[in-house]
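The values are calculated or read from the model by the stated rules, or taken from the named source; none is laboratory data. Quantities reported herein were computed from a predicted structural model and do not represent experimental measurements. Neighbour counts run over all protein chains shown; Cβ positions are idealised from the backbone, glycine included. In case anyone asks, the SASA skips ligands and DNA or RNA and just uses the protein heavy atoms, side chains included. Shrake-Rupley method; radii C 1.70, N 1.55, O 1.52, S 1.80 Å.
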Amino acid sequence: MSALDVFSPKTRAWFEGAFEAPTPAQEQGWPAIASGKHTLIQAPTGSGKTLAAFLYGIDKLTASPGEGLRLLYVSPLKALNYDVERNLRGPLAGLDSDLRVAVRTGDTPQRDRAAMLREHPDILITTPESFYLLLTSRAREMLKSVETLILDEVHAVAGTKRGAHLALSVERLDRLVGTGTVPGTGHVQRIGLSATQRPMEEIGRFVSGGRPIELVDAGRAKELDLKVVIPLEDMREPGEGSSIWPSIYPEVLELVRQHRSTIVFVNNRRLAERIALRLNELANEGVEDEKRTEIARAHHGSLAREQRLEIEELLKKGEIPCLVATSSLELGIDMGAVDLVVQVESPKSVARGLQRVGRAGHELGAVSRGRIFPKYRADLLESAVVVERMKVGAIEETVIPRNPIDVLAQQIVAIAADTEISVDELHDLVRGAYNFADLSRVQLENVLDMLAGRYPSDEFAELRPRIVWDRTAGVIRGRSGARQLAVTNAGTIPDRGLFGVHLVDGGGRVGELDEEMVYEARAGQTFLLGASTWRIEEITRDRVLVSPAPGVPGLIPFWKGEGPGRPYELGEAIGKASRELAALPEKKALERLTEQHSLDEQAAQNLITFLNDQQDATGAVPSDRT
């Protein structure tokens, strides 16, 4: 029996015409999805898991378009949503399907949101935060007909409070559909898509809320071609201006020139802007102005959607050889034929390293080529350990947060804003989410006490109660203004007080800047954003109005507090590696570093020198035991 047997003849014919054969994720995923059970598909980047999740739904819905919203797709990354919408056009056109697809994120214009409510799409693509807003507004009527929920990039949220918030929204959807008018419905089928994570069973429980789920593990390790590169002999004496950068830029430029398209990953937005600028300057040294070309563009979350899309399109068409990106390109955006990933500085976790390097050679079976450039000597040690663990697939264990009370309080206010609900029913609903499966009645009532205005001391007296708790009847309901409060404080992503950057002629949004940078800026100044220069025309209460200033030098902006943390497991592995390397004879240590850790010879020699210097200076190498 073929995995394609679950489809109608028309869909099967389209697939066979468009693809050679199903990928492992599709081969194993389709029978599980067709059975109607909750399903988790775990597979690496580029393994066709998004199509695995969508195609069965599209096939089923194409026979009866226009019967309301039945397939909901939620992804934690806005950029991914537009990518998915674009990739659905192929199968929809191939099947002559009349299904309507809509996207609802923070970037969606008001008129498009209103149109959606008037005429419901068949498929809606959204983010966790917009999903919560839909559930908490008039638009929730649209969600009552949902039959299938696709949760993409589960690995990016499962270990965070953002995931706990999403899990409660999913339980609210289940309850809403249970009260819907479609006979026989009541529970939405959940399809989770994840990059390789461990333990897989735990991720499955997160997706299903602890209910039975089919686990599809198509997580074949991709073949990796990895190297840690140090472009100078001695990191203690970097040379010009005592900085390693003048050595890194020419090496990265050389790699970009040797490949068709390259993504350079960095760990913060300022560095993305700075490297894109320097690569362009270096590439155009000694070139006349009219012959200058742009070889790199910056891509990060503080660029407006239009800017990001334009930059992604340039890379896909091969019109720009390099993007310098933060985690904005780490997830499953289909970047086409990227043939090299450069990581400047350690990626800070094995999972992130695999996710990023996996962007190169996106096709199934292609080799993923990655080059890591550490910035300083301790970073070289961390990079060496990350690479060794990437090669054996030793990704960090995902720990799912338990009972985050702040998330619970926000969702309770949102639930009570719409409807009166019994405390018993609320307790059942909340415990349906895996993060809150063991929430006791006492814990729940403590949260309700707080929301209803019963505080432990007078210090909190000025805080207004948000709900009414009728203890006699055992029900809660929202006070006036509860909905407004729930909607204006949606989600768990902190508001960083960023200023929007807009074109002065009303021509749209360019991106956003940190408020501290804006306070130091003045009209007439120029700055870089997306590796393009902009001149500040005016600064208002919450906006910076700009005009393009091509070719003019500009300040590199900064954003506060955005470096990723390091998982405990990796810290422990770094300590263990330091101890073992310090105990080996130098020749053996060098061998281990070049073979197991993929360091080039200069990098290996620099790392041994670093450990020896540490030993000489303090009498011990910091390790997992010292």
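What the Cβ-Cβ distance of A366 and D542 gives, at R0 = 51 Å and to the nearest 0.05, is a FRET efficiency of 0.70. Summing Lys and Arg as +1 and Asp and Glu as -1 over all other residues whose Cβ lies under 14 Å from the Cβ of G551 gives a net charge of -2. Among the listed values (1) 78, 67, 48; (2) 82, 59, 44; (3) 75, 69, 59, the one matching Cα extents along the principal axes in Å as calculated from this structure is (3).
Be a star and scan segment 419-451 for residues whose amide nitrogen sits under 16 Å from the point 7 Å along the Cα-to-Cβ vector of N489. Within reach of a label on N489, which here means backbone N under 16 Å from a point 7 Å along Cα→Cβ, segment 419-451 contributes 447-451.
If you fit an axis through the alpha-carbon atoms of helix 9-18 and take the longest principal axis of the Cα set of the chain, what angle between them do you get, 0 to 90°, nearest 10? Helix 9-18 sits roughly 10 degrees off the main axis of the chain. Across segment 462-491, no residue has a backbone nitrogen under 12 Å from the label position 7 Å along the beta-carbon direction of V442.
Rounded to the nearest 10 degrees, the inclination of helix 78-94 to the longest alpha-carbon principal axis of the chain is 70 degrees.
On the protein heavy atoms, probe 1.4 angstrom, tell me the percent of accessible surface of segment 73-185 carried by carbon and sulfur. C and S fraction of accessible area: 49 percent. Which of rounded, prolate, oblate describes segment 502-544, given a ≥ b ≥ c as roots of the alpha-carbon gyration tensor eigenvalues and a/c under 1.5 marking rounded, otherwise prolate only if a/b is larger than b/c? It is rounded, given that a/c, with a ≥ b ≥ c, falls under 1.5. For segment 48-64, 3J(HN,Hα) computed residue by residue from phi via the Karplus equation (6.51, -1.76, 1.60; θ = phi - 60°) reads x, 6, 5, 5, 4, 6, 7, 5, 5, x, 4, 4, 5, 7, 4, 5, 9 Hz, glycine and proline entered as x.
Taking amide H as placed 1.01 Å from N in the peptide plane, V103 has its amide H under 5 Å from the amide H of I125, each at least 5 places away in sequence or on another chain. Compared with the dominant principal axis of the Cα atoms in the chain, helix 568-583 is inclined by about 20°.
Shown is the FRET efficiency for N284 and R100, computed with R0 = 41 Å from the Cβ-Cβ distance and rounded to the nearest 0.05: 0.35. Sequence-ordered 3J(HN,Hα) estimates for segment 370-375 from the Karplus curve with 6.51, -1.76 and 1.60 and θ = phi - 60° stand at x, 10, 10, 10, x, 9 Hz, glycine and proline given as x. Using a cut-off of 11 Å between beta-carbons, work out the net charge of the residues near P404 (Lys and Arg +1, Asp and Glu -1, P404 not included). Around P404, the charge tally is +2.
Under 5 Å from the amide H of C322 lie the amide H atoms of T262, R297, each residue being 5 or more positions distant or on a separate chain, with H modelled from the backbone and absent for Pro and chain starts.
Label segment 401-497 by shape, choosing from rounded, prolate and oblate, from the square roots a ≥ b ≥ c of the eigenvalues of the Cα gyration tensor; if a/c is under 1.5 it is rounded, and otherwise prolate applies when a/b is larger than b/c, oblate when it is not. Rounded.
For the chain, the 222 nm mean residue ellipticity estimated from helices alone, with every DSSP H stretch of n ≥ 4 adding -39500 (n - 2.57) and the total spread over all residues, rounds to -12500 deg cm²/dmol.
Taking the average, over residues, of other Cβ atoms within 10 Å as the packing measure, peptides 392-398, 275-281 rank 275-281, 392-398 from highest down.
This model, with +1 at the C-beta of Lys and Arg and -1 at the C-beta of Asp and Glu, gives the chain a dipole about its Cα centre of some 1220 debye. The phi-based Karplus calculation (6.51 cos²θ - 1.76 cosθ + 1.60; θ = phi - 60°) puts the 3J(HN,Hα) values of segment 462-471 at 7, 6, 7, x, 10, 9, 9, 10, 8, 5 Hz, whole numbers, x for Gly and Pro.
Averaged per residue, segment 213-292 has 51 square angstrom of accessible surface, using a 1.4 angstrom probe with ligands and nucleic acids left out.
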